[in-house]
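Have a look at the structure below before the remarks.
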Amino acid sequence: MRKIRINMLSNADKVHGQGVGSAYLEQVALVKNELNEYFDVVINDSKPADIIHCHTILPQYLMKMKRNKGVNVAYVHFLPDTLDGSIQLPSSALAVFKKYITHFYNTADYLIVVNPIFIKDLVRFGIDKHKIQYIPNFVSKETFYKQEQNHILQTRDQYHIDRKQFVVLGVGQVQTRKGVKDFIEVAKMLPDITFVWAGGFSFGKITDGYEELKQLYENPPQNVHFIGIIPRESMNDIYNMADMLFMPSYNELFPMSILEAINSQKPLLLRDLELYEDILFHKYLVADNNKDFAQIIQNLKNDSSLYHQYQQASYEISQYYSKEHVKEMWKDFYLHIAQKKLL
């Protein structure tokens, strides 16, 4: 059987500190290395391909899809609505950008969502439900895993974090949408606990709320450490250094940071958002206001049985999002759409 040629189009790994880049690297490596008997994977190639798979929404990729005689696939890493709270543009420019995103998605033959809850949102934007496929993100257990205590203590020393402190980790771009201001407010309520945020301003000055967030970033409370954008190859150290992951985001699709953190078996504390319910199976702690966030963090610190319960819960989530499970989903999807095109 002739191998199916897949051209992966992306610049997702060009901007550091984005979950989109992590998802892209994992997915490409999975198909290229684990499914190479079926598929010949090239990246940003100019030659014809059976399948073009767009990981980002650049105009040149839109043009390639329009010229392509094979099958066009696009990843949905964000919805037009998720731009609100992420970037700050004049309302007219934002409206044009949202229309462009919808047009890009409509141009693809198939769309991949990482969370099934967003299928109805895409339909609301005028996209045919039958072209939308759910395939979750995953992370490699060779890259993200639970480390030995000695290594964890060395990482804490590296970042000047007290070895004995209970450490709460937040991960993501410094944006209003990510709940950074809430992260800081909760930290103020718990001065005896250390809070660490890994991430920076990937979009620079067009980040929504940039001036206010920049002030907070440069002048945080004493128990808050902003450690900036960390290279992906070092993020496993950061997850292991922490005692828990706290993500007060207001809007997400499926944060890669959650998948990465659960491989190190860290309890999850998340905002009460519907989007998490079907993908994390209620195996996480949840609240919707800063007072309750603070209370839960305090409880995790003080109650070892509660802490171990949610460590185990994170482990159980990680087993579902295994490489083997997701690999079969990609194999079936690519083979199906390629064969359908040939009929």
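The values are calculated or read from the model by the stated rules, or taken from the named source; none is laboratory data. Keep in mind the model is a prediction, meaning the values are calculated, not measured. FYI the Cβ positions are ideal-geometry reconstructions off the backbone, even for glycines, and counts take in every protein chain you see.
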Log entry, pairs with first residue in region 181-204 being on the phi > 0 side of the Ramachandran plot, second being among the hydroxyl-bearing types (Ser, Thr, Tyr), beta carbons closer than 8 Å, six or more apart or on different chains, reads Gly204/Tyr210
Find the helices (runs of 4 or more DSSP H) located wholly in region 60-168 whose residues include 2 or more that are over 25 Å from Ser257 (Cβ atoms) and not assigned by TED's automatic domain parsing to the domain that holds Leu190, and list them.
91-107, 119-124
Residue identified as at pLDDT below 95 and either among the charged types (D, E, K, R) or in the same structural domain as Lys181 (by TED's automatic domain parsing) (or both) among Leu216, Leu306
Leu216
Working only within region 317-326, note down all residues that are assigned to a helix (DSSP H, G or I) and either at pLDDT 95 or above or under 18 Å from the mean Cα position of the chain (by Cα) (or both).
Ile317, Ser318, Gln319, Tyr320, Lys323, Val326
Only one of (1) in contact with a helix residue (DSSP H, G or I) (Cβ under 6 Å, 6 or more places away or on another chain); (2) in a helix (DSSP H, G or I); (3) among the hydrophobic types (A, V, I, L, M, F, W, C) fails for Phe183. Which number is that?
(1)
Just the residues that are within 20 Å of Asn240 (Cα to Cα), touching a helix residue (DSSP H, G or I) at 6+ places or on another chain (Cβ under 6 Å) and aromatic (Phe, Trp, Tyr), please, taken from region 130-180.
Phe138, Phe144, Phe166
Residue in region 121-134 that is modelled with pLDDT under 95, surrounded by fewer than 18 Cβ atoms within 10 Å (Cβ to Cβ) and among the β-branched types (Val, Ile, Thr) present
yes
How many of the residues in region 290-337 are farther than 24 Å from Thr143 by Cα, surrounded by 18 or more Cβ atoms within 10 Å (Cβ to Cβ) and among the polar types (S, T, N, Q)?
1
Would a scan of region 36-58 turn up a residue that is among the charged types (D, E, K, R) and assigned to a helix (DSSP H, G or I)?
no
Filter region 209-232 for residues that are part of a helix (DSSP H, G or I) and touching a residue at least 60 places away in the same chain (Cβ under 8 Å); which is farthest from Ala187 (Cα to Cα)?
Arg232
Across region 214-245, which residue is nearest to Val174 (Cα to Cα) among those that are aliphatic (A, V, I, L, M) and over 21 Å from the mean Cα position of the chain (by Cα)?
Leu216
